[in-house]
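Since every read-out is calculated from the coordinates, none of them should be taken as a lab result. Since the model is a prediction, treat every value here as computed from it, not as a measurement. All Cβ positions, glycine included, derive from the backbone under ideal geometry; neighbour counts span all protein chains shown.
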Amino acid sequence: MQDDSDFYYLGVICGIALYNHHYINLDFPLALYKKLLQLSPTLNDLEELSPVEARSLKSLLEEDEDEVVEMLFLDFTVKGQELIPNGNQIPVTKSN
């Protein structure tokens, strides 16, 4: 597990480089730039970060049966963290 200070120092280095008009060739994912511009990332952005998870979600969306999605008992939590308010009480369906 990485220490949060690693990300802090990466941010400091990027900030100093931009302030001094030096450019660093860092390949950040498109989703990061969208978040910085306050745009919502898409499923295609997830595919860049994690192809296996994106493929799984796409296959769920393409599934004809609503019952298959409901049988998985998914909610809006990841590793105990709620993705949206009251996410542990909202079931995942094809419509949301």
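As a test of the formula, what do you get for the chain when each DSSP H run with n ≥ 4 contributes -39,500 (n - 2.57) and the sum is divided by the residue count, at 222 nm and rounded to the nearest 500 deg cm²/dmol? Walk me through the intermediate numbers first.
Working: 5 runs with 48 residues, N = 96.
Rounded to the nearest 500, it is -14500 deg cm²/dmol.
Using DSSP loop states and a limit of at most 14 other Cβ atoms within 10 Å to flag GluC sites (Glu not before Pro), what is the longest stretch of the chain containing no flagged site? Maximal segment without exposed cleavage sites: 1-62.
On a full-extension model of 0.36 nm per residue, what is the gain between ASN88 and SER50, subtracting their alpha-carbon distance, rounded to one decimal in nm?
Working: separation 38, 0.36 × 38 = 13.68 nm, distance 2.31 nm.
Net length gain for the segment: 11.4 nm.
Suppose we flag trypsin sites (Lys or Arg not before Pro) only when DSSP calls them loop and at most 15 other Cβ atoms lie within 10 Å. Which is the longest uninterrupted stretch of the chain? The segment 1-78 is the longest one with no such site.
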